[in-house]
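Undergrad: One structure, pasted below without further comment.
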């Protein structure tokens with residue numbers, strides 16, 4: 001297939017997703033571009049300075065006004081907040097997995113950069129380094145986490161004091 005006489009072709013580089021598939025039903029590797037926001041502020045108007053200073057859930061508002069909740073980063077069972085909080089209110093590109101489950105749509109960030117930046121995506125893995133700086137190395141950080149263990153000891157494994165899981169048959 002060729003171009004006819006008088007046809008002008010303009011090739012524009014498009015950021016291809018480099019996100020690693022995780023085998024989650026309904027996942028789609030995708031680069032989202034939008035403004036990083038405090039989810040509670042965007043959805044309910046309950047705003048805090050600096051997107052809650054790392055203590056609140058974050059999301060992306062795309063150019064068409066669509067809101068995408070950012071559920072986690074590239075570390076098992078951990079949020080992407082340490083990697084994203086410095087971009088509060090700014091336009092970013094996030095490489096990751098969009099999970100469009102019929103019940104809820106979430107975005108799992110694997111890499112981030114400022115919008116329009118040609119540099120490679122920075123992996124969204126800061127959580128683990130920060131956790132290890134506070135708590136030391138652990139094979140499975142989520143099992144060794146002192147805060148999670150304290151909460152489980154106080155409220156039980158299901159989050160309700162006295163309620164225990166049924167034994168497996």
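The values are calculated or read from the model by the stated rules, or taken from the named source; none is laboratory data. Predicted model only: the values in this text are computed from it and were never measured. Neighbour counts run over all protein chains shown; Cβ positions are idealised from the backbone, glycine included.
Undergrad: Would you please list the contacts, defined by Cβ atoms under 7 Å and residues six or more apart or on different chains, that run from a residue in segment 77-90 that is at positive phi and in contact (Cβ under 8 Å) with a residue 12 or more places away in the chain to a residue that is assigned to a helix (DSSP H, G or I) and surrounded by 14 or more Cβ atoms within 10 Å (Cβ to Cβ)?
TA: none
Undergrad: Kindly establish whether residue 17 is more than 26 Å from residue 130 (Cα to Cα), modelled with pLDDT under 90 and in contact with a strand residue (DSSP E or B) (Cβ under 9 Å, 6 or more places away or on another chain).
TA: On the way: more than 26 Å from residue 130 (Cα to Cα): yes; modelled with pLDDT under 90: yes; in contact with a strand residue (DSSP E or B) (Cβ under 9 Å, 6 or more places away or on another chain): yes.
Yes; evaluated as a whole, the condition is true for this residue.
Undergrad: May I pose another question? Of everything in segment 20-36, what is assigned to a loop (DSSP other than H, G, I, E, B) and either crowded, with 16+ Cβ neighbours inside 10 Å or in contact with a strand residue (DSSP E or B) (Cβ under 9 Å, 6 or more places away or on another chain) (or both)? Give them in sequence order.
TA: Residues satisfying the conditions are 20, 21, 22, 24, 25, 26.
Undergrad: Now for a separate question. Please work out which one of (1) within 20 Å of residue 53 (Cα to Cα); (2) surrounded by fewer than 16 Cβ atoms within 10 Å (Cβ to Cβ); (3) without any contact (Cβ under 8 Å) to a residue 24 or more places away in the chain is the condition residue 113 fails and give its number.
TA: It fails just one condition, (2).
Undergrad: Condition check: surrounded by 10 or more Cβ atoms within 10 Å (Cβ to Cβ), modelled with pLDDT under 95 and within 22 Å of residue 26 (Cα to Cα). Does residue 129 satisfy that?
TA: It is false that residue 129 is surrounded by 10 or more Cβ atoms within 10 Å (Cβ to Cβ), modelled with pLDDT under 95 and within 22 Å of residue 26 (Cα to Cα).
Undergrad: Could you list, in sequence order, the residues of segment 38-89 that are surrounded by 18 or more Cβ atoms within 10 Å (Cβ to Cβ), part of a strand (DSSP E or B) and under 12 Å from the mean Cα position of the chain (by Cα)?
TA: 58, 59, 60, 68, 70, 71, 72
Undergrad: Another question about this same structure. Scan segment 110-132 for residues that are touching a helix residue (DSSP H, G or I) at 6+ places or on another chain (Cβ under 8 Å) and under 22 Å from residue 145 (Cα atoms) and jot them down.
TA: Result: 124, 125, 126, 127, 128, 130, 131, 132.
Undergrad: Taking residue 100, is it within 26 Å of residue 140 (Cα to Cα), at pLDDT 90 or above and surrounded by fewer than 18 Cβ atoms within 10 Å (Cβ to Cβ)?
TA: On the way: within 26 Å of residue 140 (Cα to Cα): no; at pLDDT 90 or above: yes; surrounded by fewer than 18 Cβ atoms within 10 Å (Cβ to Cβ): yes.
Taking the combined requirement at face value, the residue does not satisfy it.
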